[in-house]
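**Q** Please see the structure below; I have some questions.
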Amino acid sequence: MTVRGPTGWTFIKIATVLTYVFMFAPVAVVMLLAFNASQFGSFPMTGLSVRWFVELAQNDAIIRAFQTSMILGALTAVISTSIGVCASLAMVRYDFPGKNLLNTALIAPILVPEVVLAVSLLLFLQFLSMPKNFVLLLLGHVIFTLPFVVLVVQARLVGIRKEYEEAALSLGANPFQTFFQVTLPLLMPAVAAGMLFAFTISFDDITGTLFWKPPGVETVPTQIFAMLRNSISPEINALGTVMIILTVALPLTGAGLARWLASRRGG
Amino acid sequence: MAVSDAHTRDMRPWALLSPALTAITLLLAIPTCFVIVYSFWLRTAAGDEQVGFYLDNWIEVLSDPFYRDILLYTLKIGLITTVCCALMGYPAAYFIAFSKMRNKAFLLLLLMLPFWISYIIRTMSWINILGVSGAVNYVLQSLGIVAEPIQMLYNEATVILGLIHFLLPFMVLNIYVSLEGIDPNLNAAARSLGSTPFQAFREVTLPLSLPGLAAGSLLCFVLGSGTYITPIVLGGPGDGMFANLIYDAIITQLNWPLGSALSIVLLIVLGSVVLLYNRYLSLGQISKGFG
C-alpha cells in the first residue's frame with residue numbers, strides 16, 4: 001500500500017503520537033487540576049477533591065451563565081436547524097438556476113471573518129434602535145451556525161433516496177402526508193446532527209458573543225473569559241471540565257443513539 | 001395541468017430557501033453594506049455620530065503606519081500558524097488515512113473531539129501548562145533545573161502556540177479527507193514502476209492531497225488572522241492582532257465609524273484570500289470535511 005519505508009513510517013507514527021499529545025495534554029491537565037484539593041488552580045496537586053465542583057454549583061453567576069448558554073443553544077439549534085434543513089432540501093433535491101451562487105451565499109457567514117460578522121450585525125441592529133438584548137444574541141448565533149447546519153445536513157441528505165417519497169406519492173399519499181410520514185422520519189438523523197452541531201457551536205461561541213451580549217448577561221464562555229481576567233482559579237478548571245464533558249458527551253450520545261435507532265430500524 | 005405542475009415544481013426550492021435567504025440578507029448582507037456606509041460617518045469629540053460622507057476614518061486607517069504594521073503582523077502570525085499546522089497536521093492525517101490499525105475509527109473520533117471542546121477552554125488550558133505555576137515550571141523546579149519559575153506566557157510565541165492548538169484539527173481533517181480519497185493503486189503503480197517510497201509519495205500522494213492541504217491552510221489562515229481572543233488570553237500587551245483593534249474600537253472606545261472602517265479592511269484582506277482560493281480551487285473542498 002502507501003506505506004513508505006520502515007523509517008518513514010516510524011517517523012510518521014511518532015509525529016502522530018506527538019500531535020495527539022499536543023492536542024489533548026492541555027485539556028487533560030484542565031480536567032486533572034479541576035480535582036486538585038489545593039486552593040490554587042495550579043500544580044502541585046495536593047490531593048483529590050470535588051470541592052471546586054461544589055463551589056461551582058453554589059456560584060450564582062456561573063449558574064446564570066449556564067442557564068443562558070443552555071437556553072441560547074437550544075433556541076439557536078431549533079431555529080437554525082429548521083431554516084437549514086429547508087435550505088438543504090432545496091439544494092439537494094432540486095435543480096434551479098443560480099444554485100452554485102446560492103450555495104456560496106448559504107455558507108457566506110463562515111467565509112466572512114466572525115469579528116466582521118459580529119460588528120456588522122451589532123451596528124446594523126443598533127442603527128435600527130434595537131438595544132443589545134437576548135434577541136440580538138440569538139439572531140447572531142442563528143446566522144453564525146446556519147452554514148454549519150447546512151453543510152452537515154446536506155452531507156446527510158445526499159444519502160437519502162428520493163424513491164421512497166415518490167413511492168408514497170404514487171401510492172396515493174398527499175404531499176403533506178408524504179412529508180410527515182416518509183420524508184421527515186428519514187430526515188431525523190440529519191435534523192439531529194444539525195441540531196447538535198448548532199447547539200455545540202452556539203454553546204462554545206465567544207468571538208461574536210462578546211460583541212452581541214447585553215451588559216450583565218454572560219454565557220459560559222464569556223464567564224470563563226471574565227474570570228480569566230483575575231487569575232486562573234480552580235473553579236475555572238472545574239467549569240472547563242463540566243463544559244468538556246457536556247460538549248463531548250452530547251455528540252457521542254447522539255451518535256450512539258443514532259446508531260441504535262438505525263440498527264433497530266434495520267433489524 | 002402539466003404547465004401548472006412544472007410551475008409549482010419551479011417554485012418549491014425557492015419556498016424552501018426563502019427563510020435561509022431572508023436570514024442571510026437581513027442579518028449578513030445588508031448589515032455588511034451598512035458597515036461600509038457607517039465607515040464614512042464621523043464620531044465627534046462629544047461622542048455623537050455625524051451622518052455624512054467623511055473620509056477621515058479612511059484617511060486615518062490607510063495613512064497611519066500603526067494600522068498597516070498591525071495588519072502585516074496579523075498576516076505574519078496567520079501565516080506562521082498555517083505553516084506550523086500543515087507541518088504538524090500532515091503526518092497525523094497521513095497516519096490516520098493509511099494506518100492498518102484496527103482502532104482507526106477511534107483515532108478519527110479523537111481527531112474530531114477537539115471540535116467539540118470549547119475554544120476558550122483550549123486556549124486557557126495553556127496557562128495550566130506554561131504559567132508560572134503551571135506543569136512545565138513545576139517539573140523543571142522539581143527536577144532542580146531552575147530555581148525560580150520562568151515566565152513563558154504572554155508573548156508572540158504563546159499566541160502562535162494557542163492558535164496552532166485551536167486550528168490544527170481543521171488542518172488534519174481536511175488533509176485526511178483528501179488522502180482518504182486517493183486510489184491506493186496509484187501508489188502501488190508508482191512503486192511497481194520503480195520509484196522509491198519517497199518518490200511515490202512526492203510524485204503521487206502529495207500532489208493528490210494538495211486540495212485538502214490547501215483547504216486546511218485556507219481555514220487556518222482565515223480563522224487565525226481573524227481572532228482577537230487568543231491574543232487577549234495568551235498574548236502580552238503588545239501582541240494584539242488586527243481584530244483586537246476592531247474589538248477595542250467598537251467595545252472599549254465606542255468609536256463605531258472607525259471600527260467599521262477597520263472591519264471593512266479586515267473583510268477585504270481576508271475576503272480576497274478566500275476569493276483567490278475559490279478562483280483556483282473550489283470552496284466545495286471544505287464542505288467535504290462535513291461528510
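**Q** Taking into account only those residues within segment B:235-248 that are surrounded by fewer than 19 Cβ atoms within 10 Å (Cβ to Cβ) and in contact with a helix residue (DSSP H, G or I) (Cβ under 9 Å, 6 or more places away or on another chain), which is nearest to B:TRP41 (Cα to Cα)? Step through it out loud before you land on a result.
**A** The initial filter retains those residues of segment B:235-248 that are surrounded by fewer than 19 Cβ atoms within 10 Å (Cβ to Cβ), namely B:236-238, B:248.
Next, from what is left, pick out any that are in contact with a helix residue (DSSP H, G or I) (Cβ under 9 Å, 6 or more places away or on another chain): B:236, B:238, B:248.
Numbers: B:GLY236: 33, B:GLY238: 29, B:ASP248: 18 Å.
Per the criteria, the residue is B:ASP248.
**Q** I'm checking my understanding of the structure. Among residues of segment A:45-93 that are among the β-branched types (Val, Ile, Thr) and not in a helix (DSSP H, G or I), which one is nearest to the chain's Cα centre (by Cα)? Steps first, please.
**A** Looking only at segment A:45-93, we keep the residues that are among the β-branched types (Val, Ile, Thr), and these are A:46, A:50, A:54, A:62-63, A:68, A:71, A:76, A:78-79, A:81, A:83, A:85, A:92.
With the extra rule that they be not in a helix (DSSP H, G or I), the set shrinks to A:46, A:50.
Details: A:THR46: 35, A:VAL50: 28 Å.
If we take residues in segment A:45-93 being among the β-branched types (Val, Ile, Thr) and not in a helix (DSSP H, G or I), then A:VAL50 is nearest to the chain's Cα centre (by Cα).
**Q** Against the condition closer than 30 Å to B:GLN151 by Cβ, modelled with pLDDT under 90 and of a type outside the set (D, E, K, R), how does B:GLY238 come out, does it pass? Steps first, please.
**A** Numbers: closer than 30 Å to B:GLN151 by Cβ: yes; modelled with pLDDT under 90: yes; of a type outside the set (D, E, K, R): yes.
Considered against the rule, which asks whether it is closer than 30 Å to B:GLN151 by Cβ, modelled with pLDDT under 90 and of a type outside the set (D, E, K, R), B:GLY238 comes out as yes.
**Q** Any residue at all in segment B:44-53 that's part of a helix (DSSP H, G or I) and aromatic (Phe, Trp, Tyr)? Spell out the reasoning first.
**A** So in segment B:44-53, the residues part of a helix (DSSP H, G or I) come out as none.
For segment B:44-53, residues part of a helix (DSSP H, G or I) and aromatic (Phe, Trp, Tyr): absent.
**Q** Does B:SER272 satisfy the criteria of being polar (S, T, N, Q) and part of a helix (DSSP H, G or I)?
**A** On the way: polar (S, T, N, Q): yes; part of a helix (DSSP H, G or I): yes.
So B:SER272 passes the test.
**Q** Of the conditions (1) within 7 Å of chain A (Cβ to nearest Cβ); (2) hydrophobic (A, V, I, L, M, F, W, C); (3) surrounded by fewer than 24 Cβ atoms within 10 Å (Cβ to Cβ); (4) in contact (Cβ under 8 Å) with a residue 24 or more places away in the chain, B:LEU281 clears all except one; give me its number.
**A** (1)
**Q** Among what's in segment A:94-106 and is part of a helix (DSSP H, G or I) and at the interface with chain B (Cβ under 7 Å from one of its Cβ atoms), pick the residue that is surrounded by the fewest Cβ atoms within 10 Å (Cβ to Cβ). Don't jump to the end; show me each part of the working.
**A** Just the residues of segment A:94-106 that are part of a helix (DSSP H, G or I), to begin with: A:99-106.
Cutting the leftovers down to at the interface with chain B (Cβ under 7 Å from one of its Cβ atoms) gives us A:102, A:104-106.
Working: A:LEU102: 19, A:THR104: 13, A:ALA105: 20, A:LEU106: 26.
Per the criteria, the residue is A:THR104.
**Q** Could you list, in sequence order, the residues of segment B:142-167 that are part of a helix (DSSP H, G or I) and modelled with pLDDT of 90 or more? Quick ask: steps written out before the conclusion?
**A** Our first condition is that a residue be part of a helix (DSSP H, G or I); within segment B:142-167, this holds for B:142, B:156-167.
Correct list: B:GLU156, B:ALA157, B:THR158, B:VAL159, B:ILE160, B:LEU161, B:GLY162, B:LEU163, B:ILE164, B:HIS165, B:PHE166, B:LEU167.
**Q** Looking for whichever is touching a residue at least 24 places away in the same chain (Cβ under 8 Å), within 12 Å of chain B (Cβ to nearest Cβ) and of a type outside the set (Lys, Arg) here; the options are A:MET45, A:MET23, A:MET31. Which one fits? Show your work before the answer.
**A** Working: A:MET45 fails: touching a residue at least 24 places away in the same chain (Cβ under 8 Å); A:MET23 fails: touching a residue at least 24 places away in the same chain (Cβ under 8 Å).
Answer to the check: A:MET31.
**Q** Taking the residues in segment A:107-147 that are polar (S, T, N, Q) and farther than 17 Å from B:LEU266 by Cα as candidates, determine which candidate is nearest to the other protein chains (Cβ to nearest Cβ). Outline the logic, then answer.
**A** At the first step, the residues of segment A:107-147 found to be polar (S, T, N, Q) are A:120, A:126, A:129, A:133, A:145.
Retained after the next criterion (residues that are farther than 17 Å from B:LEU266 by Cα): A:126, A:129, A:133, A:145.
On the way: A:GLN126: 8, A:SER129: 13, A:ASN133: 15, A:THR145: 11 Å.
If we take residues in segment A:107-147 being polar (S, T, N, Q) and farther than 17 Å from B:LEU266 by Cα, then A:GLN126 is nearest to the other protein chains (Cβ to nearest Cβ).
**Q** So, in segment B:80-104, how many residues would count as being more than 14 Å from every other protein chain (Cβ to nearest Cβ), of a type outside the set (Ser, Thr, Tyr) and in contact with a helix residue (DSSP H, G or I) (Cβ under 7 Å, 6 or more places away or on another chain)?
**A** Matching residues across segment B:80-104 total 1.
**Q** Of the numbered conditions (1) within 13 Å of another protein chain (Cβ to nearest Cβ); (2) surrounded by 17 or more Cβ atoms within 10 Å (Cβ to Cβ); (3) within 22 Å of the chain's Cα centre (by Cα), A:VAL158 satisfies every one except a single condition; which is it?
**A** Going through (1) within 13 Å of another protein chain (Cβ to nearest Cβ); (2) surrounded by 17 or more Cβ atoms within 10 Å (Cβ to Cβ); (3) within 22 Å of the chain's Cα centre (by Cα) one by one, A:VAL158 breaks only (2).
**Q** Let me ask something else about it. Quick test for you: out of B:LEU16, B:LEU28, pick the one residue that is closer than 24 Å to A:ASN103 by Cα and touching a Leu at 6+ places or on another chain (Cβ under 6 Å). Steps first, please.
**A** Values: B:LEU28 fails: touching a Leu at 6+ places or on another chain (Cβ under 6 Å).
The conditions single out B:LEU16.
**Q** Being in contact with a helix residue (DSSP H, G or I) (Cβ under 9 Å, 6 or more places away or on another chain) and buried (at least 17 other Cβ atoms within 10 Å of the Cβ) is the filter here; which residues of segment B:137-158 pass it?
**A** Once the filter is applied, which keeps residues that are in contact with a helix residue (DSSP H, G or I) (Cβ under 9 Å, 6 or more places away or on another chain) and buried (at least 17 other Cβ atoms within 10 Å of the Cβ), segment B:137-158 yields B:ASN137, B:MET152, B:LEU153, B:TYR154, B:GLU156, B:THR158.
**Q** Still on this structure, I have one more. Could you count how many residues in segment B:111-127 are at pLDDT below 90, at the interface with chain A (Cβ under 7 Å from one of its Cβ atoms) and part of a helix (DSSP H, G or I)? Let's see the steps before the verdict.
**A** Here is the first cut: in segment B:111-127, the residues at pLDDT below 90 are B:111-118.
The next check asks that each one be at the interface with chain A (Cβ under 7 Å from one of its Cβ atoms); those that pass are B:113-114, B:116-118.
With part of a helix (DSSP H, G or I) added as a condition, the list becomes B:113-114, B:116.
So the answer is 3.
**Q** Would you check which residues across segment A:152-189 are at pLDDT below 85, of a type in the set (Gly, Ala, Ser) and assigned to a helix (DSSP H, G or I) and list them?
**A** A:ALA155
**Q** A follow-up question, please. Got a number for residues in segment B:154-197 being of a type in the set (Phe, Trp, Tyr) and closer than 13 Å to B:TYR94 by Cβ? Walk me through it before giving the result.
**A** Within segment B:154-197, the first condition is being of a type in the set (Phe, Trp, Tyr), and the residues that meet it are B:154, B:166, B:170, B:176.
From what is left, the residues that are closer than 13 Å to B:TYR94 by Cβ are B:176.
Qualifying residue count for the region: 1.
**Q** May I pose another question? Tell me which residues, restricted to segment B:249-269, are more than 10 Å from chain A (Cβ to nearest Cβ), buried (at least 17 other Cβ atoms within 10 Å of the Cβ) and part of a helix (DSSP H, G or I).
**A** Within segment B:249-269, B:LEU258, B:ALA261 qualify.
**Q** Determine whether B:TYR154 is over 19 Å from B:GLY235 (Cα atoms), more than 10 Å from chain A (Cβ to nearest Cβ), hydroxyl-bearing (Ser, Thr, Tyr) and within 26 Å of the chain's Cα centre (by Cα).
**A** Details: over 19 Å from B:GLY235 (Cα atoms): no; more than 10 Å from chain A (Cβ to nearest Cβ): yes; hydroxyl-bearing (Ser, Thr, Tyr): yes; within 26 Å of the chain's Cα centre (by Cα): yes.
Spelling it out, it is not the case that B:TYR154 is over 19 Å from B:GLY235 (Cα atoms), more than 10 Å from chain A (Cβ to nearest Cβ), hydroxyl-bearing (Ser, Thr, Tyr) and within 26 Å of the chain's Cα centre (by Cα).
The values are calculated or read from the model by the stated rules, or taken from the named source; none is laboratory data. The shown structure was predicted, so the numbers you read here are calculated from the model rather than taken from an experiment. With ideal geometry, Cβ positions are generated from the backbone for all residues, glycine too; neighbour counts draw on all protein chains shown.
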